[in-house]
Amino acid sequence: QVQLVESGGGLVQAGGSLRLSCAASGRTFSSYAMGWFRQAPGKEREFVAAISWSSGSTFYANSVKGRFTISRDNAKNTVYLQMNSLKPEDTAVYYCATRRGTVVTGRSLYDYWGQGTQVTVSS
């Protein structure tokens, strides 16, 4: 049974940084992709970033490119999202998700989801 547990959310001022973690268990993830999504109140869940467990290749939404960095620690089965230069519009619940196969951006293509962690950026 795949389990994803996010942590690291919180309240930060605009311009600040946070690092989110997603600890994965229940599977050998070498052939999987991991993604981060976010959902703000009243909005749809949107793609943020994704990484391939095996190759380390990454993909970012335009809105976070240059500010956010996704990485993974294979030994710890953990994926990170380093968020710098945060803006109030980054406020959302952040979810990690995983799927077997290549990195994709469509949320419907991910099979397993964590419970989410709240990120609030004050102006």
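The values are calculated or read from the model by the stated rules, or taken from the named source; none is laboratory data. Because the structure is predicted, anything quoted here is derived from the model rather than measured. What goes into the accessible areas is simple: the full protein's heavy atoms, side chains included, and nothing from ligands, DNA or RNA. Shrake-Rupley method; radii C 1.70, N 1.55, O 1.52, S 1.80 Å.
Annotations
- Residue with peak Gaussian network fluctuation, the chain [Cα springs, cutoff 10 Å], from LEU18, LEU81, LEU109: LEU109
- Carbon-plus-sulfur accessible fraction, region 60-109 (probe radius 1.4 Å, protein heavy atoms only): 46%.
- Stokes-Einstein diffusion coefficient of the chain, Kirkwood radius over Cα pairs, 10 °C, 1.306 mPa s, in µm²/s: 112
- Partners of LYS43 within straight-line reach, counting lysines whose Cα lies under 26 Å from its Cα and excluding those fewer than 8 residues away in the same chain: LYS65, LYS87.
- Once backbone amide H atoms are built at 1.01 Å from N, TYR110 has no partners under 5 Å, excluding neighbours fewer than 5 places away on the same chain.
- For GLY10, the residues 5 or more places off, or on other chains, whose built amide H falls under 5 Å of its own are VAL119, THR120.
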